[in-house]
Structure formats: C-alpha cells, structure tokens
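Enquirer: One structure coming up, written as structure tokens, with questions to follow.
The values are calculated or read from the model by the stated rules, or taken from the named source; none is laboratory data. Since the model is a prediction, treat every value here as computed from it, not as a measurement. Note that each Cβ is placed from the backbone with ideal geometry, even for glycine, and that neighbours are counted across all protein chains shown.
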Amino acid sequence: MVLNLEKAARIAVHSLRPNRPYHVQWLVTRKCNYRCKGCNVWREQDTKELSTEEMIRGLDILRELGVIDIVFSGGNPLLRNDIDEILEYASRFFITTIYDNGSMALEKIDALRHANFVAISLDTLHEEKNDHIKGIKGSWKKAMQTVEKLHKEGIHVGVSPTISQFNIHEIVSLTKYFSGRGIPVWYCLYSHDTTADSDQLFKIGKPDDEFEIADKEAMIRLCDTLANMKKKDDNILITTQTLNAMKRLFLDGKRLWKCRALQNFFMIDHLGRVAGCHLRRPVSSIFELPKLWNSNNFDALRKVYRECNRCIYLCYIVYSLHGSVRGNLQIVQDNWKSARLFWKKSRP
Ligand code: SF4
Ligand code: SF4
C-alpha cells in the first residue's frame, strides 16, 4: 500500500487546513556507516534513540497535529532494526520519504515498499569523486546498483544530489542521466553550521571551501536550466518557485520567502527532541508538543524565526515557500504531471 484513497483524501483535507505543521523531518538515528566530507554525524554518533513504541506514539501525535509528510533521515535511518515497522506504520497516514546513502536499501527492500519515495544520495556520475565525498571506497558503485535494482523492483526510488561547488557543473548531466531512465531527481544544497545557536539540535559540519558555492553565475545558470528542463520533464522534482527563489538568492541575496520554522515545519531528532530547524535549540519533546503547539512561547519563537536569514538549507526553503494552503496548491499545480505519473505507478 503506497497511496490508497483513504490516505490521499486525508492528505488532501489536511493540506487545505491553515495553521498546521505540514512537513516534518525526523532524524530517527544518529548512527551512520559512511564518512562523508563536510558532515559531522559520523564523528558524533550516538547509540541512544527512541524505542519502536515511542516512535509509533510520536507518529500518532504528528497525525493528530495534521502533519502530511515526513522525511526520515539520520544518520542512516535504515540502520534502525525496526525501520520496517516504523515505515509500515507511518505510510498508513503520511507521505513518507526515506533517505539512504545507497548502502543499505537493497537489504531492506520489503520495508521500502511502504515508502512513497526512497531517496538515494548520489552527488556525481564519477566514481572516484563520489567515493571521495562519501569517504567510502565502492560507495558509488553500490549506490548506482541500488538505484537500478530498486527502480526495477517498482519502488519509487529517486536520486538526491547535494549541489555544491564540487559538482555544480555536473548537475545537469546527472539529472539527464537519471530522468532519462525514468528515475526522479530532487536536490539538496550544500550547507554548513552557522552560529545560529550554540545549543542547536543537530550539527552538520564546519564550512568547507571544496563545497561552498563560490561560482554564483554557475548557480544562476543552473536554476534557469533546471526550470526550462522541468517544463518537459516530470522527473525533475523541484518546484519552479523554489528555483526562482534560489536564483534570486544567488543573484542579489534577496530572500523571496519568510522562514516558517516551527510553524509549517519542524525537526525531530533521534531522542524525540523537537526544534524549528536543526540550527535552533530544542523547544519541546515530541510527547509534549500537542500542549505547546498553540502556546504564546511558540508564537514568540515563530516571530523570531520568520525574520531569520541564517541558513539556505533547501528543504527549509521549500517548506517555507510551500508550507501554507496556497503553497500546497502551488505544489499540486507545479507537479501535476508528476502526480499523475505517481498515481499510475501506485495503482495495483
Ligand atoms: S552525509 Fe549522511 S551518509 Fe554521509 S556521513 Fe553524514 S549522515 Fe552519514
Ligand atoms: S532561516 Fe529558519 S530554518 Fe534557517 S536557521 Fe533561521 S530559523 Fe532555522
């Protein structure tokens, strides 16, 4: 069951209700088996995490709050032994996406059949370059095999490159390679820790010149090219509004969005702590969230976050641009053709 009528109806109703948290990223584990450059997780792993029962209880709370989509990431979420159970339960109520670095998905195929999208992070078509970024020899080959096999198995797999100075000139060819094979591509943007909050929920890593986008012209051209390509290509899963916002940001620094952290989206970590985004300090546990969601304290934090301009984390830009009733409608409009394909694939 990937998308049945009951779930589709629930999502449609919730996406039209104002003042809801629509999007949640849940970092379900702090364990990782890779050693990516520019990432802190593998240096600061933690074996503690919520139990299966706590995860299910947390998902019920998100359901009651009206959340419509959840991204499971980590660490590598597939390193959790109970990920089958978590995905099966979550997929009954939410649009679910799960990330893998390409190393674990083939061992978890049955669990992944529950997810709406499986995102394999892959940054380049060049084996050595990819292995250099991931810090693991053989990671590129493994990821390529994984994508191919999942696609053949009928799982909704997509490739998710992180755009950085390291691969900015390859993003178009990588996109064409996968979309030409009927495999969707969606993007992350290189990010690093700023000094937003000393007690932030989650640390990614320090700035790295190898990845920091210095060639702004190339980034602007890339936004234009992807915007043109996506007119004819349903497999490019980034909205036109997001591409426009990114282009403007690199053109003259203007932000076309107001941040909606702790309003339309929030993060949960492996211990169940909730923060508006990973750069902000935890403000609740998932279990206390219902009683705090409409509090004055949360409203005050929302005001601060709305004026914040400390990050360009692409997911947050997307959630901020599209985290409203109007924004949800824009996604539907923008991805109408993709949605039709998705439905076709989902039906038995
Ligand atoms: S980027 Fe992802 S796969 Fe790589 S070390 Fe960090 S958490 Fe692990
Ligand atoms: S802009 Fe929003 S998502 Fe980014 S650091 Fe500020 S509050 Fe967090």
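Enquirer: Can you name every residue in segment 241-273 that is assigned to a loop (DSSP other than H, G, I, E, B) and polar (S, T, N, Q)?
Expert: Here is the first cut: in segment 241-273, the residues assigned to a loop (DSSP other than H, G, I, E, B) are 253-260, 262-264, 269-272.
Of everything in segment 241-273, those that are assigned to a loop (DSSP other than H, G, I, E, B) and polar (S, T, N, Q) turn out to be GLN263, ASN264.
Enquirer: Please work out if VAL71 is touching a residue at least 60 places away in the same chain (Cβ under 8 Å), assigned to a strand (DSSP E or B) and within 27 Å of TYR316 (Cβ to Cβ). Write out each step before concluding.
Expert: Values: touching a residue at least 60 places away in the same chain (Cβ under 8 Å): yes; assigned to a strand (DSSP E or B): yes; within 27 Å of TYR316 (Cβ to Cβ): yes.
Criteria met by VAL71.
Enquirer: If I go through segment 36-58 residue by residue, how many of them are surrounded by 16 or more Cβ atoms within 10 Å (Cβ to Cβ), within 16 Å of ligand 1 (Cβ to nearest atom) and not in a loop (DSSP other than H, G, I, E, B)?
Expert: 2
Enquirer: Follow-up question, since we're still on this one. Condition (residue is part of a helix (DSSP H, G or I), more than 16 Å from ligand 2 (Cβ to nearest atom), without any contact (Cβ under 8 Å) to a residue 60 or more places away in the chain and among the aliphatic types (A, V, I, L, M)) applied to segment 200-213: is it met by at least one residue?
Expert: Kept after step one, since they are part of a helix (DSSP H, G or I), are these residues of segment 200-213: none.
So far as segment 200-213 goes, no, none of its residues is part of a helix (DSSP H, G or I), more than 16 Å from ligand 2 (Cβ to nearest atom), without any contact (Cβ under 8 Å) to a residue 60 or more places away in the chain and among the aliphatic types (A, V, I, L, M).
Enquirer: Residue check: is LYS31 surrounded by fewer than 22 Cβ atoms within 10 Å (Cβ to Cβ) and in contact (Cβ under 8 Å) with a residue 60 or more places away in the chain? Step through it out loud before you land on a result.
Expert: On the way: surrounded by fewer than 22 Cβ atoms within 10 Å (Cβ to Cβ): yes; in contact (Cβ under 8 Å) with a residue 60 or more places away in the chain: no.
It is false that LYS31 is surrounded by fewer than 22 Cβ atoms within 10 Å (Cβ to Cβ) and in contact (Cβ under 8 Å) with a residue 60 or more places away in the chain.
Enquirer: Quick one: would you say ILE61 is assigned to a helix (DSSP H, G or I), more than 16 Å from ligand 1 (Cβ to nearest atom) and free of Cβ contacts under 8 Å to residues at least 60 places away in the same chain? Break it down into steps so the answer makes sense when it comes.
Expert: Details: assigned to a helix (DSSP H, G or I): yes; more than 16 Å from ligand 1 (Cβ to nearest atom): yes; free of Cβ contacts under 8 Å to residues at least 60 places away in the same chain: no.
No.
Enquirer: Name the residues in segment 198-225 that are out of contact with any Phe, Trp or Tyr (no Cβ under 8 Å at 6 or more places or on another chain) and either over 18 Å from VAL41 (Cβ atoms) or polar (S, T, N, Q) (or both), would you?
Expert: SER198, GLN200, ASP209, ALA214, ASP215, GLU217, ALA218, ARG221, LEU222, ASP224, THR225
Enquirer: Just to verify a result, which residue in segment 110-121, among those that are among the hydrophobic types (A, V, I, L, M, F, W, C) and at pLDDT below 95, is farthest from TYR187 (Cα to Cα)? Spell out the reasoning first.
Expert: First, the residues of segment 110-121 that are among the hydrophobic types (A, V, I, L, M, F, W, C): 111-112, 115, 117-120.
With at pLDDT below 95 added as a condition, the list becomes 111, 115, 117.
Details: ALA111: 24, ALA115: 18, PHE117: 14 Å.
Looking at residues that are among the hydrophobic types (A, V, I, L, M, F, W, C) and at pLDDT below 95, I get ALA111.
Enquirer: Which of the residues that make up segment 77-121 are in a loop (DSSP other than H, G, I, E, B) and basic (Lys, Arg)? Before you say what the answer is, go through the steps one by one.
Expert: We begin by selecting, within segment 77-121, every residue in a loop (DSSP other than H, G, I, E, B); these are 80-82, 91-94, 101-104, 113-116, 121.
Matches in segment 77-121: ARG80, ARG92, ARG113.
Enquirer: If you go through segment 81-110, how many residues are within 24 Å of ASP123 (Cβ to Cβ) and either within 16 Å of ligand 2 (Cβ to nearest atom) or touching an Asp or Glu at 6+ places or on another chain (Cβ under 8 Å) (or both)? Before the answer, list the steps.
Expert: So in segment 81-110, the residues within 24 Å of ASP123 (Cβ to Cβ) come out as 83, 96-109.
When the remaining residues are screened for being either within 16 Å of ligand 2 (Cβ to nearest atom) or touching an Asp or Glu at 6+ places or on another chain (Cβ under 8 Å) (or both), the result is 96-97, 108-109.
Residues that pass the stated criteria total 4.
Enquirer: Being touching a residue at least 24 places away in the same chain (Cβ under 8 Å) and on the phi > 0 side of the Ramachandran plot is the filter here; which residues of segment 134-184 pass it?
Expert: GLY135, GLY154, GLY182
Enquirer: Is it the case that ILE11 is buried (at least 21 other Cβ atoms within 10 Å of the Cβ), at pLDDT below 90 and within 21 Å of the chain's Cα centre (by Cα)?
Expert: Details: buried (at least 21 other Cβ atoms within 10 Å of the Cβ): no; at pLDDT below 90: yes; within 21 Å of the chain's Cα centre (by Cα): yes.
So ILE11 fails the test.
Enquirer: Which members of segment 161-182 meet the condition of being surrounded by 15 or more Cβ atoms within 10 Å (Cβ to Cβ) and part of a loop (DSSP other than H, G, I, E, B)?
Expert: Once the filter is applied, which keeps residues that are surrounded by 15 or more Cβ atoms within 10 Å (Cβ to Cβ) and part of a loop (DSSP other than H, G, I, E, B), segment 161-182 yields PRO161, SER164, GLN165, PHE166, ASN167.
Enquirer: If you take the residues of segment 271-325 that are of a type in the set (Gly, Ala, Ser) and over 21 Å from LEU27 (Cβ atoms), which of them is nearest to ligand 2 (Cβ to nearest atom)?
Expert: ALA300
Results for (1) of a type in the set (Gly, Ala, Ser); (2) under 25 Å from ILE61 (Cα atoms); (3) within 16 Å of ligand 1 (Cβ to nearest atom); (4) crowded, with 20+ Cβ neighbours inside 10 Å, shown as yes or no for each residue.
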| residue | (1), (2), (3), (4) |
| --- | --- |
| ARG255 | no, no, no, no |
| PRO282 | no, yes, no, no |
| LYS291 | no, yes, no, no |
| ILE312 | no, no, no, no |
| HIS322 | no, yes, no, yes |
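Enquirer: Here is a further query. If you take the residues in segment 217-236 that are of a type in the set (S, T, N, Q) and part of a helix (DSSP H, G or I), which one is farthest from LEU314 (Cα to Cα)? Give the derivation first.
Expert: Start the filter on segment 217-236 by keeping residues that are of a type in the set (S, T, N, Q), which leaves 225, 228, 235.
Now narrow it down to the ones that are part of a helix (DSSP H, G or I): 225, 228.
Details: THR225: 18, ASN228: 19 Å.
Of everything passing the filter in segment 217-236, ASN228 is farthest from LEU314 (Cα to Cα).
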